[in-house]
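Right, one structure below, let's go through it.
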Amino acid sequence: MTATGLRVRSCAHRGDSSRYRENTLPAIRSAIASGAGFVEIDVRVTRDGQVVVVHDPTFERLWNLPQPVAETTWDEVLALGDADHRPPSLGEVLELFDGVHSTLLIDMDDASFAAPAHAVIAPESAGASIAWCGDLDGMRMISALDPDARIWMPWSRTTPPTDDDLGDLRPECINTPFAVMSPGLVDDIHRLGLDVTVWTVDDDAVMRWAIRTGVDTVTTNRLGRFQSIATDAEERSGADPAEELDRAHVVARSLAEWAVEYTSAADLGTISTKRDAADLVTEVDTAVERQVREVIGAQFPDHDFVGEEFGGSERAGVPCWYLDPVDGTANLANGVPWNAFSLALVVDHEPIVSVVADPWRGDVFDARRGAGARLNGHPLRLTDAAPSDGDPLRGRIVSTELANQHPWPGMVSLLRRLGDRYCTMRIMGSGTLTLTGVAAGRGVGAVIGSFGAVDHLAAILIVQEAGGLVLGEDGSPTSFPASGGVLAAAPWAADALYGEWKAAIGESE
């Protein structure tokens with residue numbers, strides 16, 4: 001079977017972007033030659049009105065030119081190189097689609113690009129197949145300009161669109177991020193007489209899963225890999241049990257990335273209290289938890305869920321997700337940019353997948369049991385070698401957190417004992433980031449007076465997979481302390497820090 005004969009169509013994201021620079025003519029030619037059903041490109045408009053094919057608002061990432069596209073002239077774009085090595089114009093791209101089997105999919109993230117892009121397409125597209133996606137208002141403008149335009153309607157909910165949602169748009173398909181997709185949603189959308197597309201799918205396990213859900217088109221940066229997997233998927237049925245864990249890891253990362261964008265931009269809304277006046281909750285906390293529950297429920301309907309805001313419980317032998325949507329809400333509510341998103345997948349109190357996100361630095365930590373930990377995609381590994389300057393705590397930093405607004409029993413003693421060893425203690429306001437930071441070498445260790453699963457499980461797995469030690473109050477390695485506090489440290493400092501912690505607890509009794 002050839003790629004063009006596959007039941008599930010491929011959409012090459014920014015062209016054949018795993019082989020060539022995205023959104024350039026070589027990438028687009030390669031996608032067409034490889035048999036992509038659709039070739040997606042991004043458009044922006046220069047200062048002098050030229051529609052150029054580029055994703056970012058500036059040329060900095062790919063051409064080392066920080067100047068905004070909107071402030072650049074077409075002559076300046078031409079100076080970046082020849083046609084194969086600079087951002088092409090939409091007109092240049094359109095010429096490649098004359099009489100070919102691939103459809104050009106024009107994506108725009110701003111409605112203001114709709115009319116200029118349509119003005120390029122309208123007089124020149126007789127021999128090309130064109131479709132549109134992106135900003136919903138932009139799609140409405142395209143539909144108004146051309147009632148017969150092929151529209152991919154953006155959709156990010158786990159429930160299907162209603163007639164009111166569809167309005168007069170008349171889309172040919174519903175275009176969704178893969179994390180909200182489920183077999184039930186595919187069926188619901190198909191019953192509306194519409195196709196389903198998912199984006200952007202680059203992981204093998206998610207590719208196989210998306211194909212099994214019955215979607216019509218998959219958008220990917222790994223065109224060749226997807227075509228190979230799609231061919232194989234049509235020759236066999238059923239899922240590999242390991243694929244669910246792979247997919248859980250990808251979904252968790254995508255939720256962490258979403259939480260970074262949402263939390264850093266959202267209005268806090270009404271700030272209320274839970275147990276007391278120091279225990280705050282914002283509308284961001286509840287909105288993030290609702291979204292994560294909705295996505296996890298769609299993707300993994302048989303899993304349990306425990307969240308900071310809406311509770312839940314874990315059953316023996318059943319995978320369970322533990323979420324703190326905003327760890328450090330007091331900081332968030334008071335304008336202190338130091339809080340975290342924490343999500344862990346656990347089976348029988350053993351974390352197996354975890355993510356922690358820092359919305360204010362854009363950092364995403366992730367880990368998988370036995371597969372290591374990463375920060376923004378880069379491996380984390382703590383050294384086993386002790387420094388040669390004697391006392392492993394001398395001149396170092398150890399972090400901790402308050403028990404709500406008060407010191408935990410032994411915390412003041414620990415502060416004094418560490419100070420006597422010329423080791424400084426820090427209290428930043430997020431137990432999740434405090435523990436996770438150890439994995440990145442941000443301090444030599446951390447001590448939390450009372451373990452909380454939703455707050456600390458994700459961080460514990462990240463520290464362990466980075467090569468750190470995590471100990472309970474009894475000094476034993478642990479992933480899920482039954483009671484008491486928890487310590488995380490670089491391996492060469494763990495014994496010394498544990499000794500001071502244990503002594504401090506004893507002095508408080």
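The values are calculated or read from the model by the stated rules, or taken from the named source; none is laboratory data. Just so it is clear, the structure is predicted and the values come from calculations on it, not from any experiment. So basically every Cβ, Gly included, is an ideal-geometry build from the backbone, and we count neighbours across all protein chains shown.
Just need a number here: residues in segment 246-296 that are surrounded by 14 or more Cβ atoms within 10 Å (Cβ to Cβ), in contact with a helix residue (DSSP H, G or I) (Cβ under 7 Å, 6 or more places away or on another chain) and of a type outside the set (A, V, I, L, M, F, W, C). Qualifying residue count for the region: 7. Taking segment 29-46 as the region of interest, how many residues are hydroxyl-bearing (Ser, Thr, Tyr) and either within 25 Å of Pro68 (Cα to Cα) or not in a helix (DSSP H, G or I) (or both)? Final tally of qualifying residues: 2. What about Pro351, is it more than 21 Å from Gly431 (Cα to Cα) and either surrounded by 19 or more Cβ atoms within 10 Å (Cβ to Cβ) or in contact (Cβ under 8 Å) with a residue 12 or more places away in the chain (or both)? No. Only residues that are in contact with a Pro (Cβ under 6 Å, 6 or more places away or on another chain) and of a type in the set (D, E, K, R) were counted in segment 302-328, giving 0. Every condition in (1) in contact with a strand residue (DSSP E or B) (Cβ under 8 Å, 6 or more places away or on another chain); (2) under 24 Å from Ile460 (Cα atoms); (3) small (Gly, Ala, Ser) is met by Ala316 except one, and the failing one is (1). The number of residues in segment 209-222 that are assigned to a helix (DSSP H, G or I) and under 24 Å from Glu22 (Cα atoms) comes to 1. Residue-level analysis places Ala79 among those that are without any contact (Cβ under 8 Å) to a residue 40 or more places away in the chain, in the same structural domain as Ile142 (by TED's automatic domain parsing), of a type in the set (Gly, Ala, Ser) and surrounded by fewer than 23 Cβ atoms within 10 Å (Cβ to Cβ). Looking at segment 360-443, the strands (runs of 3 or more DSSP E) lying wholly inside it that each contain 1 or more residues that are touching a residue at least 60 places away in the same chain (Cβ under 8 Å) and not polar (S, T, N, Q) sit at 363-368, 372-375, 378-380, 397-400.
Looking across segment 451-478, the residues that are surrounded by fewer than 19 Cβ atoms within 10 Å (Cβ to Cβ) and either in a loop (DSSP other than H, G, I, E, B) or at pLDDT below 95 (or both) come down to Gly452, Gly467, Asp474, Gly475, Ser476.
His13 meets each of the listed conditions (1) at pLDDT 95 or above; (2) over 16 Å from Trp132 (Cα atoms); (3) buried (at least 18 other Cβ atoms within 10 Å of the Cβ) apart from (2).
In this structure, is Ala488 crowded, with 21+ Cβ neighbours inside 10 Å, modelled with pLDDT of 95 or more and either at negative phi or over 28 Å from the mean Cα position of the chain (by Cα) (or both)? Yes.
Table: residues versus (1) of a type outside the set (S, T, N, Q); (2) buried (at least 22 other Cβ atoms within 10 Å of the Cβ); (3) on the phi < 0 side of the Ramachandran plot; (4) within 23 Å of the chain's Cα centre (by Cα).
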position	(1), (2), (3), (4)
Arg29	yes, no, yes, no
Glu40	yes, yes, yes, yes
Val43	yes, yes, yes, no
Asp48	yes, no, yes, no
Val51	yes, yes, yes, no
Arg61	yes, no, yes, yes
Asn64	no, no, no, no
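Residues in segment 187-194 include at least one that is in the same structural domain as Ile41 (by TED's automatic domain parsing), of a type in the set (Lys, Arg), within 23 Å of Leu136 (Cβ to Cβ) and surrounded by fewer than 22 Cβ atoms within 10 Å (Cβ to Cβ). Based on this model, can you work out whether Glu509 counts as on the phi < 0 side of the Ramachandran plot and exposed (fewer than 14 other Cβ atoms within 10 Å of the Cβ)? Against the criterion (on the phi < 0 side of the Ramachandran plot and exposed (fewer than 14 other Cβ atoms within 10 Å of the Cβ)), Glu509 qualifies.
Are there any pairs, at least 6 apart or on different chains, whose C-beta atoms fall under 6 Å, with the first in segment 44-67 and in the same structural domain as Leu105 (by TED's automatic domain parsing) and the second of a type in the set (A, V, I, L, M, F, W, C) and in a loop (DSSP other than H, G, I, E, B), and if so, which? As it stands, the answer is Arg44/Val54; Trp63/Leu80, since those pairs meet every condition given.
Taking strands (runs of 3 or more DSSP E) as the structural unit, those lying wholly within segment 85-195 and holding at least 1 residues that are closer than 22 Å to Arg47 by Cβ and touching a strand residue (DSSP E or B) at 6+ places or on another chain (Cβ under 7 Å) correspond to 103-108, 129-134. The criterion of at least 1 residues that are free of Cβ contacts under 8 Å to residues at least 24 places away in the same chain and of a type in the set (A, V, I, L, M) is met by the following helices (runs of 4 or more DSSP H) wholly inside segment 223-337: 241-265. Test Asn339 against the stated conditions and say whether it is assigned by TED's automatic domain parsing to the domain that holds Thr263 and exposed (fewer than 14 other Cβ atoms within 10 Å of the Cβ). Taking the combined requirement at face value, the residue does not satisfy it.
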